[in-house]
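The next block holds one structure in the form of structure tokens; read it before the comments.
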Amino acid sequence: MTDRFSHLWPPQNEQIFAALKSVYRNGDWGRYHGEETRILESNLAEYFSCSHVHLVCSGTIGIELALRGMGIQSGDEVILAAYDFPGNFRCIEALGARPVLADISCESWSLCANSFEATLSPSTKAVIVSSLHGGLADIESICEIARQRGVRVIEDICQVPGASVNGRRVGTYGDVAVLSFGGSKLLSAGRGGAVLTRDESIWQRINVFKDRGNDTFALSQLQAAVLNPQLDCLDQYNLVRRQNAMKLIERTASTEGVSGLRHAEGDLAVFYKIAWLVPSSQLRTELLIAAEELDLPLFEGFRGFAKRSERRCLKPVSLANSERAADGTVLLHHPVLLAEDAVLDELSDQLSSLFSQMG
Ligand SMILES: *Cc1c(COP(=O)(O)O)cnc(C)c1O
């Protein structure tokens, strides 16, 4: 997946270079233990106001560990959006639990609180809430409903590190939050992830599962070394990305047939992707072919789970928005959001013209 902006990622700056030189010189790059992971744990704990941080080898295993930490077992029901990262569905299956599909809200590409509520049953043990593509789930309402019903909340914040809802950081609302440090993510070490919690029993259960004489799903010192300086400048980069993303969203807002993200007043979104919805998969295919000719970083969204068989998951409510998202989501990848104004102006002209030519 190369495009004309892919050279902008991963970031190359003096701080990351200095961190790499430092672990080279002191030898921590080749050791099991060192200062870098300890510093990262403590910085993440502070940034996300949590007492416990597990650094792990991917966001996907992070979600699985979060479920294990909650004691999810075979036969338990776990709710997730029918439009979500594919690995989240597999993580539920990995525990022998049942995925139960709820719908998304079409302005946020993320779990809809009402649909979540309608999906609850006496067997529901947990819900996975991902905020996707520059959107933010209504995490306050979802957590309130979950608390009343004794359901635990996993916040999948892989796409939104540093976002906030109503003045409070996303990732501090639920029982557990999960980050990814994969090669395309906003905090990147090529691979990696983290599980964040304030809950002692979740933390302990994960410890027991991870420990097989070694730390089975660990993040390395070398990975932690490049993440520390990125966490330091996350807010600053997020701010630039947000300003540029908002401009692109505004400038493409008036295109007939294409709908974009909407945010509640006071929310601070974070842009790993920017999503638009076009009316059909046929139109999307044509649009993506035209985008490729212009070397624009536009891609399809997730396939979603609405078509999965009833043997694999329960589908108690309408999944219409998730199905539309699976058919018509177009995503812009984030690196270009750190480009200069002139580049962004050209991009926004090209996007507007692509969208308006559609159909
Ligand atoms: C990337 C991602 C993950 C998984 O992270 P990996 O580190 O790639 O395993 C999970 N959920 C969402 C929403 C993601 O974007």
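The values are calculated or read from the model by the stated rules, or taken from the named source; none is laboratory data. Just so it is clear, the model here is predicted, and its values are computed rather than measured. Here Cβ is always computed from backbone atoms with ideal geometry, including for glycine, and neighbour counts include all displayed protein chains.
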query: Does residue 150 count as among the small types (Gly, Ala, Ser), in a loop (DSSP other than H, G, I, E, B) and within 12 Å of the ligand (Cβ to nearest atom)?
result: no
- prompt: Is at least one residue of the stretch 218-230 surrounded by fewer than 14 Cβ atoms within 10 Å (Cβ to Cβ) and modelled with pLDDT of 95 or more?
  reply: no
- prompt: For the stretch 108-135, what are the residues that are among the hydrophobic types (A, V, I, L, M, F, W, C) and either more than 14 Å from the ligand (Cβ to nearest atom) or surrounded by fewer than 24 Cβ atoms within 10 Å (Cβ to Cβ) (or both)?
  reply: 112, 113, 116, 118, 120, 126, 127
- prompt: Which residue out of 209, 181 is of a type in the set (Phe, Trp, Tyr) and within 11 Å of the ligand (Cβ to nearest atom)?
  reply: 181
query: Somewhere in the stretch 272-279, is a residue more than 16 Å from the ligand (Cβ to nearest atom) and either surrounded by fewer than 19 Cβ atoms within 10 Å (Cβ to Cβ) or among the acidic types (Asp, Glu) (or both)?
result: yes
field: Matching residues in the stretch 153-175 - criterion: being assigned to a loop (DSSP other than H, G, I, E, B) and at negative phi
entry: 157, 158, 159, 160, 161, 163, 170, 172, 173, 174, 175
query: Can you name every residue in the stretch 186-236 that is among the β-branched types (Val, Ile, Thr) and touching a residue at least 60 places away in the same chain (Cβ under 8 Å)?
result: 195, 197, 202, 206, 226
statement: Residue count, the stretch 187-204, condition outside any helix (DSSP H, G or I) and surrounded by fewer than 19 Cβ atoms within 10 Å (Cβ to Cβ), comes to 4
message: Looking at the structure I just gave you, is residue 135 under 18 Å from the mean Cα position of the chain (by Cα) and in a helix (DSSP H, G or I)?
response: no
message: I need a count of the residues in the stretch 212-225 that are within 15 Å of the ligand (Cβ to nearest atom) and assigned to a loop (DSSP other than H, G, I, E, B).
response: 4
query: Which residues, counting only those in the stretch 136-147, are away from the ligand (no atom under 16 Å from the Cβ) and crowded, with 24+ Cβ neighbours inside 10 Å?
result: 146
- request: Keeping to the stretch 45-71, report how many residues are charged (D, E, K, R) and either within 16 Å of the ligand (Cβ to nearest atom) or part of a loop (DSSP other than H, G, I, E, B) (or both).
  value: 2
query: Any idea how many residues of the stretch 75-99 are assigned to a loop (DSSP other than H, G, I, E, B) and either in the same structural domain as residue 260 (by TED's automatic domain parsing) or more than 12 Å from the ligand (Cβ to nearest atom) (or both)?
result: 6
query: Regarding residue 102, is this residue outside the structural domain of residue 311 (by TED's automatic domain parsing) and within 20 Å of residue 206 (Cα to Cα)?
result: no
message: Quick test for you: out of 257, 304, pick the one residue that is on the phi > 0 side of the Ramachandran plot, outside the structural domain of residue 84 (by TED's automatic domain parsing) and modelled with pLDDT of 95 or more.
response: 304
- line: Among (1) under 30 Å from residue 32 (Cβ atoms); (2) touching a strand residue (DSSP E or B) at 6+ places or on another chain (Cβ under 8 Å); (3) of a type in the set (D, E, K, R), residue 273 falls short only on (1)
